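Heads up, the thing below is written out as structure tokens.
The values are calculated or read from the model by the stated rules, or taken from the named source; none is laboratory data. Here the structure is a predicted model, which is why all the values come from computation and not from measurement. Cβ atoms come from the backbone with ideal geometry, glycine included; neighbour counts cover every protein chain shown.
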Amino acid sequence: MIGNDNVECTDYLEDNFFAWMFWKYDRNNRQINSDIGLPAMNAFSGTIQRDDLQDMIIGRSPNITDLSVLKMHIARQFPLRSVGMELTERGNKVYFKVDVHNQIVVDTRKSKMVSDGITDTVLVELKEYPLIVYIYSYIIPLLNGLYESEEPDFTEQLNSYSKDLAKEIILDLIGATGIDIQEFDKLAMT
């Protein structure tokens, strides 16, 4: 039934959808909104060119939001193609990865569904399908709808946010390498 007229689904996700999620995570205290939390983002893939899958960059970490390579990718406004995350909503905690084509991979061992205030005790093998339906037919359309409603504001703020990320990366590199700020200024002039 998923993908038919009976269940709403999103055919694809916009190029800036994952950058928007990172922006919400970073600027909104790990929250998408008051009902949806984003405690962690743990995997990503992106491309340097819009549609060139040969120029892929892939990262995995307990929290990719600490990786300078992800911040640089977003600062350059290169598209992210997929993101893995932990997401909370109304007591549910789901771990999944989604790509721009709306394909998902769910970690059923870590995910927990709540039903009528009582934790679902269905065996791992049996809870896979409700999780997939919940994520595919409810969570992704919900997130996509939130993105679409905030897209004009996000698009307007993306350039200044990209500059903030670039400054953060530069300061991090200066601190990590011990380059004197005046030496960096000289490098920037050449």
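Put simply, of Glu183, Glu156 the only residue that is at pLDDT 90 or above, in a helix (DSSP H, G or I) and acidic (Asp, Glu) is Glu156.
Pull up region 70-86, narrow it to residues that are among the hydrophobic types (A, V, I, L, M, F, W, C) and assigned to a strand (DSSP E or B), then point me to the one that is farthest from Thr155 (Cα to Cα). It comes out as Met85. All conditions in (1) within 23 Å of Ala166 (Cα to Cα); (2) at pLDDT 95 or above hold for Leu80, with the sole exception of (2). Criterion applied to Tyr138, Tyr129 was being on the phi < 0 side of the Ramachandran plot, in contact with an Asp or Glu (Cβ under 9 Å, 6 or more places away or on another chain), in a helix (DSSP H, G or I) and free of Cβ contacts under 8 Å to residues at least 60 places away in the same chain, and the one residue passing it is Tyr138.
Residues checked against (1) under 15 Å from Lys97 (Cβ atoms); (2) crowded, with 19+ Cβ neighbours inside 10 Å; (3) of a type in the set (Gly, Ala, Ser):
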| residue | (1), (2), (3) |
| --- | --- |
| Lys24 | no, yes, no |
| Asn28 | no, no, no |
| Asn33 | no, no, no |
| Ile36 | no, no, no |
| Gly46 | yes, yes, yes |
| Pro62 | yes, no, no |
| Val69 | no, no, no |
| Met72 | no, no, no |
| Arg81 | yes, yes, no |
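In region 29-50, the residues that are under 15 Å from Ser111 (Cα atoms) reach residues that are among the aromatic types (Phe, Trp, Tyr) and not in a loop (DSSP other than H, G, I, E, B) with C-beta atoms within less than 7 angstrom, at least six apart or across chains, in these pairs: Leu38/Tyr25; Met41/Phe22; Met41/Tyr25. All of (1) modelled with pLDDT under 95; (2) surrounded by 15 or more Cβ atoms within 10 Å (Cβ to Cβ); (3) of a type outside the set (Lys, Arg) hold for Thr121 with one exception: (2). Scanning region 50-69 for residues that are hydrophobic (A, V, I, L, M, F, W, C), outside any loop (DSSP other than H, G, I, E, B) and more than 16 Å from Arg30 (Cα to Cα) turns up Met56, Ile57, Ile58, Val69. Give me the pairs: first residue in region 87-112 and part of a strand (DSSP E or B), second residue among the charged types (D, E, K, R) and surrounded by 17 or more Cβ atoms within 10 Å (Cβ to Cβ), beta-carbon distance under 6 Å, and six or more apart or on different chains, which are they? Qualifying pairs under 6 Å: Tyr95/Glu86; Asp99/Arg81; Val105/Lys97.
For (1) hydroxyl-bearing (Ser, Thr, Tyr); (2) touching a helix residue (DSSP H, G or I) at 6+ places or on another chain (Cβ under 9 Å), each residue gets a yes or a no:
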site: Ser68; (1), (2): yes, yes
site: Pro79; (1), (2): no, yes
site: Val83; (1), (2): no, yes
site: Glu86; (1), (2): no, no
site: Arg90; (1), (2): no, no
site: Val106; (1), (2): no, yes
site: Lys110; (1), (2): no, no
site: Val114; (1), (2): no, no
